[in-house]
Amino acid sequence: FTPRLALDYQATPNVLAYASASRGFKSGAFDGRSNTAAAILLLEPVEPETLWGYEAGIKSDLAENRLRINAALFYNDWHDLQGTGTDPDGNFKRFSLGDVETKGAELEVKARPMSALEISGQIGILRTGFNTINFNQKVECGPVGTGAATLELKYSPHTSWGLNARYSPQSPVLWGHVSIGGSLAGKSKYYQGTCNALANSEDGYTLAEASASWESGNGRLRFTLVGENLTDEAYVQGAFAISGLRMVSAYFNPPRRASFTIRYSFN
């Protein structure tokens with residue numbers, strides 16, 4: 001049974017308030033991954049996962065549609081959240097983590113102070129926590145030093161943010177149209193494993209990107225130059241730790257990159 005109830009209120013022609021509640025479902029499974037045949041043959045069942053999600057917020061277009069402000073508060077209540085991990089013997093497992101709640105707020109602002117310039121920004125605040133833990137935290141997480149710690153949900157930074165700007169003058173430049181943009185985006189510290197081991201955590205990062213393009217007046221020819229990770233920031237995209245094997249494996253992000261694209265349309 002996965003109902004959804006939503007209420008909208010048009011406070012003014014340019015301001016909409018809303019609230020919603022919905023229930024989601026994910027089927028159960030059997031875990032057949034292990035380093036030993038005996039463990040595979042057990043086919044440990046994974047319980048179905050359910051979620052009640054609640055959200056309320058506003059959406060608005062102000063100042064003759066030159067300013068957009070969207071804000072939301074949310075709360076998610078998971079029952080038997082499914083997850084993956086490794087045990088102290090190095091076995092990869094899929095199991096029911098437990099009952100988890102996440103809550104937070106999101107704000108998005110987009111402004112067009114002049115016809116050629118658009119500026120936007122976003123920020124998200126997130127908090128997560130376990131109400132019930134279905135696995136033996138002392139045994140599973142003890143070897144990495146978090147057997148009695150208060151655990152957070154993995155890949156859940158407390159803060160995520162972004163800033164974007166794009167300038168596209170209306171007047172032709174070199175018989176075409178030019179567009180120049182840039183962005184900054186960042187995340188605060190987060191963990192990449194359920195046990196929140198310090199060895200596979202990411203302290204947070206900030207990424208900078210920029211782009212410039214020129215398009216001919218008839219739209220057929222386009223040149224685009226893009227720079228990614230301009231400050232050559234290094235961070236871990238994914239990692240896992242196997243205490244029994246005394247091993248931590250980490251995967252890093254791409255380094256600073258630049259690309260140049262030429263596109264021509266025949267029609």
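The values are calculated or read from the model by the stated rules, or taken from the named source; none is laboratory data. All values derive from a computational prediction rather than experimental measurement. Methodologically, a virtual Cβ is constructed for each residue, glycine included, from the backbone with ideal geometry; neighbour enumeration extends over all protein chains shown. Ligands, DNA and RNA are stripped out before the accessible areas are found, and what is left, the full protein with its side chains, is counted by its heavy atoms. Shrake-Rupley method; radii C 1.70, N 1.55, O 1.52, S 1.80 Å.
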For region 70-92 the number of residues that are open to solvent by 50 Å² or more (accessible area, probe 1.4 Å) and closer than 30 Å to THR12 by Cβ is 2
Within region 216-267, the count of residues that are part of a loop (DSSP other than H, G, I, E, B) and open to solvent by 50 Å² or more (accessible area, probe 1.4 Å) comes to 14
Take the residues in region 132-150 that are in a loop (DSSP other than H, G, I, E, B) and of a type outside the set (A, V, I, L, M), then tell me which one is most open to solvent (accessible area, probe 1.4 Å).
THR150
Could you tell me which residue of region 14-40 is nearest to ARG68 (Cα to Cα), considering only residues that are assigned to a strand (DSSP E or B), open to solvent by less than 70 Å² (accessible area, probe 1.4 Å) and modelled with pLDDT under 95?
ALA29
Looking at (1) touching a Leu at 6+ places or on another chain (Cβ under 7 Å); (2) under 27 Å from GLU140 (Cβ atoms), can you tell me which one ALA111 breaks?
(2)
Answer with yes or no whether SER183 is out of contact with any helix residue (DSSP H, G or I) (no Cβ under 8 Å at 6 or more places or on another chain), closer than 25 Å to GLY238 by Cα and either in contact (Cβ under 8 Å) with a residue 24 or more places away in the chain or part of a loop (DSSP other than H, G, I, E, B) (or both).
yes
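Of everything in region 151-171, what is within 22 Å of PHE240 (Cα to Cα) and open to solvent by less than 80 Å² (accessible area, probe 1.4 Å)? Give them in sequence order.
LEU151, GLU152, LEU153, LYS154, SER156, PRO157, HIS158
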Tell me yes or no: at least one residue of region 93-104 is farther than 28 Å from ALA197 by Cβ, out of contact with any Ser or Thr (no Cβ under 6 Å at 6 or more places or on another chain) and crowded, with 17+ Cβ neighbours inside 10 Å.
no
For region 199-239, what are the residues that are of a type in the set (S, T, N, Q) and in contact with a helix residue (DSSP H, G or I) (Cβ under 9 Å, 6 or more places away or on another chain)?
ASN200
Could you list, in sequence order, all residues of region 117-131 that are open to solvent by 70 Å² or more (accessible area, probe 1.4 Å) and touching a residue at least 40 places away in the same chain (Cβ under 8 Å)?
ILE119, GLN122
Which of the numbered conditions does TYR190 fail, given that it passes all the others? Conditions: (1) within 20 Å of the chain's Cα centre (by Cα); (2) surrounded by fewer than 16 Cβ atoms within 10 Å (Cβ to Cβ).
(2)
Within the bounds of region 208-215, is there any residue that is farther than 23 Å from GLN122 by Cβ, surrounded by 15 or more Cβ atoms within 10 Å (Cβ to Cβ), at pLDDT 95 or above and in contact with a Pro (Cβ under 8 Å, 6 or more places away or on another chain)?
no
Among the residues of region 114-131 satisfying the criterion of being in a strand (DSSP E or B) and small (Gly, Ala, Ser), which is farthest from THR206 (Cα to Cα)?
GLY129
Do we find that THR206 is in a loop (DSSP other than H, G, I, E, B) and under 30 Å from LEU153 (Cβ atoms) in this structure?
no
Is there any pair linking a residue in region 249-267 that is more than 22 Å from ASP203 (Cβ to Cβ) to one that is open to solvent by 80 Å² or more (accessible area, probe 1.4 Å) and in a strand (DSSP E or B), with Cβ under 7 Å and at least six apart or on different chains, and which?
PHE260/LEU225
